[in-house]
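Below: the structure, in structure tokens.
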Amino acid sequence: MKNQNSNPWKTLSSEQIYENPWIRLTEHQVINPGGGKGIYGEIHFKNLAIGIIPLDEKNNTWLVGQYRFPLKQYSWEIPEGGGLLGSEPLISAQRELLEETGIKAEAWTEIQRIHLSNSVSDELAIIYLARQLSFGESSPEESEELIVRKLPFETAYQMVLSAEITDSLSVAAILKVKILLLTNELI
């Protein structure tokens, strides 16, 4: 078995192709693990991805629906957004949940960390379970036209199974919470 900690790629050169406030795209000239020359595009995200599953005492949750420009289609998702690298992720999660749904939570549990597309990006996502909920008014960002939907958690789970929910952060979060519910591991 080869050493899992050694990098089999050799970088010959790197050039920044594009940058905006959220991402940076770099093209690398490389020698791949098989010895061939090639290119590798890498997207660096300047924020953490943050996802939240609010869950009430009756196991209801809330989804957010919005049109996703890159997909050219509508998407149902858990409340999610970004958090500045180097800032406290929980503060970002609390802000996003309140902003998108008007919900505040007294109890927060980090339930998962995932890389969303590690073949082309370094984007890290942190998922939280939010409990002991209270409700107010949402205040979405200017770029967000959202529909907030309360539903039984089991319905959200069925939406994942039927591919009505395809957002990777939402799929991972809902499946993780389903496992925690089935194994009685929720605090």
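The values are calculated or read from the model by the stated rules, or taken from the named source; none is laboratory data. Because the structure is predicted, anything quoted here is derived from the model rather than measured. Here the Cβ is made from the backbone with ideal geometry for all residues, glycine too, and neighbour counts use every protein chain on show.
Take the stretch 1-57 and flag every residue that is within 30 Å of Thr109 (Cα to Cα) and of a type in the set (Gly, Ala, Ser).
Ala49, Gly51
Quickly run through the stretch 66-86 and pick out the residues that are closer than 21 Å to Arg131 by Cα and in a strand (DSSP E or B).
Selection gives Trp76, Glu77, Glu80, Gly81, Gly82, Gly83.
Do you know which of the residues in the stretch 112-122 that are within 12 Å of the chain's Cα centre (by Cα) and either under 19 Å from Ile147 (Cα atoms) or not basic (Lys, Arg) (or both) is surrounded by the fewest Cβ atoms within 10 Å (Cβ to Cβ)?
That would be Ser117.
What pairs come up if the first residue lies in the stretch 87-100 and is surrounded by fewer than 19 Cβ atoms within 10 Å (Cβ to Cβ), the second is of a type in the set (A, V, I, L, M, F, W, C), and their beta carbons are under 8 Å apart, counting only those six or more places apart or on different chains?
So the pair list comes out as Leu90/Trp108.
Condition test on Ala125, is it surrounded by 19 or more Cβ atoms within 10 Å (Cβ to Cβ), small (Gly, Ala, Ser) and either in the same structural domain as Pro21 (by TED's automatic domain parsing) or in contact with a strand residue (DSSP E or B) (Cβ under 7 Å, 6 or more places away or on another chain) (or both)?
yes
Specify which of the listed residues (Glu42, Glu15, Glu27) is touching a residue at least 24 places away in the same chain (Cβ under 8 Å) and of a type in the set (Asp, Glu).
Glu42
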